[in-house]
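In what follows, a structure is listed as structure tokens, so that the remarks can point back to it.
Coordinate-derived values only; no laboratory data. As the structure is a prediction and not an experimental result, all values here were calculated from the model. Heads up, the Cβs are rebuilt from the backbone with ideal geometry, glycines too, and the neighbour counts pull from every protein chain shown.
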Amino acid sequence: MKTRIVRIGNSRGVRLPKPLIEQAGLGEEVELLVEEGRIVISSASKARAGWAEAAQLLRERAEDGLLDAGTPTRFDEGEWEWR
């Protein structure tokens, strides 16, 4: 499908037909990516999408430990007690 780039205020834009948007499954927010002379429009991913599943997988593999040992501070080295 060919279309024209139009002025939208100080910017330029492309009007996308509603059936095309529905067919692509696009929502209100999209991500734009430039690659090899193309502008790719895709559904915006949600922040932290998949993090819970990735954390669970790390736990199952016993790979969820700290990468670095803790660095003790003067507070840790002194004598103290919980009150």
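Data for the structure
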item	result
Under the Karplus curve 6.51 cos²θ - 1.76 cosθ + 1.60, θ = phi - 60°, whole-Hz ³J(HN,Hα) for the range 33-49, x wherever Gly or Pro sits	9, 9, 8, 6, x, 10, 10, 9, 10, 9, 4, 6, 7, 6, 4, 6, 4
Per-residue Cβ neighbour rank within 10 angstrom, fewest leading, SER43, SER11	SER11, SER43
Diffusion coefficient, µm² s⁻¹, Stokes-Einstein with Kirkwood Rh over alpha-carbon pairs of the chain at 37 °C and 0.692 mPa s	175 µm²/s
Loop-exposed GluC sites (Glu not before Pro) per DSSP, neighbour cap 11 Cβ within 10 angstrom, longest uninterrupted part of the chain	1-27
Those trypsin sites (Lys or Arg not before Pro) in the range 12-47 that DSSP places in a loop and that have at most 16 other beta carbons within 10 Å	ARG15, LYS46
Fewest-first ranking of TRP51, TRP82, using other Cβ atoms within 10 Å as the exposure measure	TRP82, TRP51
Only Lys, Arg (+1) and Asp, Glu (-1) charged, at Cβ; the chain dipole about Cα centre in debye	1140 debye
